Amino acid sequence: MKKLTISLTLLIAPLLLGSLGTVNAATANTDEATTQVPAKTWTEKTTDQTIHTKGLLGMPVYDKNGVIQERQSVDADTDYHVTSIRTNNRTGQMFYQFGDNQYIISDDVVGETPDLNTSYGELVVHTIDNANIPLYDGNLNEVSNEKLAGDSLWYTNKQIDNMDNGVTYYLVSTDRYVSSEDIDQVSGIQQ
């Protein structure tokens, strides 16, 4: 009797285990079919280009996950060499990498890189005799509600030459420039 019981157990056990294995396999297949793979959050593309930041002070630096890095900011009105572009697939925001885990958000970048040459030197400029001399921001866009006095002298220590049209813009206040088209005299400062 003992031999018969052991033999029946050996015969029945594989049948039970096999059917359990089949049930588990069927369950596993069902689970795989209903499980969704999470969408990829970031897409990264290698690039070799130059971008130009807006003329705003205090633009933040971001890390590769789009988190603002405290006490770091991007220089205003400056060209940066970019090595990759990261896009957040959920928000659509684009980040340009310019350093080791340092990114600029696309909102802080000028659409096209202007063909500009920035130079520094202490000068005095004299505006033409006109009552409403237009002022320009760091992106060289006219500021509609601000004007500069005509027939006046202004100290400048920064100039931006627009190589496309030959116009020079002279810094006369914080993020405010006057165009060479409205200047009739430029003088160096004697030391």
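The values are calculated or read from the model by the stated rules, or taken from the named source; none is laboratory data. Values in this document were obtained by computation on a predicted structure and should not be read as measured data. Glycine also receives a Cβ, built like all others from the backbone with ideal geometry; neighbour counts cover every protein chain displayed.
Computed quantities for the displayed model
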{"read-out": "Tabulated pairs, the range 144-158, first under 21 Å from residue 123 (Cβ atoms), second modelled with pLDDT under 90 and aromatic (Phe, Trp, Tyr), C-beta under 7 angstrom, 6+ apart or interchain", "value": "157/120; 158/120"}
{"read-out": "Positions within the range 121-145 being more than 29 Å from the chain's Cα centre (by Cα), modelled with pLDDT of 90 or more and surrounded by 12 or more Cβ atoms within 10 Å (Cβ to Cβ), in sequence order", "value": "122, 123, 124, 125, 126, 127, 128, 133, 134"}
{"read-out": "Residue among 101, 89 that alone is touching a residue at least 12 places away in the same chain (Cβ under 8 Å) and on the phi > 0 side of the Ramachandran plot", "value": "101"}
{"read-out": "Test: residue 103 is in contact with a helix residue (DSSP H, G or I) (Cβ under 8 Å, 6 or more places away or on another chain) and closer than 22 Å to residue 139 by Cα", "value": "no"}
{"read-out": "Any hit, the range 73-82, residues being surrounded by fewer than 17 Cβ atoms within 10 Å (Cβ to Cβ), modelled with pLDDT of 90 or more and either in a strand (DSSP E or B) or within 10 Å of the chain's Cα centre (by Cα) (or both)", "value": "yes"}
{"read-out": "Selection count where residues are in a strand (DSSP E or B), in contact with a Ser or Thr (Cβ under 7 Å, 6 or more places away or on another chain) and either of a type in the set (A, V, I, L, M) or surrounded by fewer than 17 Cβ atoms within 10 Å (Cβ to Cβ) (or both), scope the range 159-191", "value": "6"}
{"read-out": "Residue list for the range 139-158, restricted to those being farther than 14 Å from residue 184 by Cβ and part of a strand (DSSP E or B)", "value": "142, 143, 144, 145, 146, 147, 155, 156, 157, 158"}
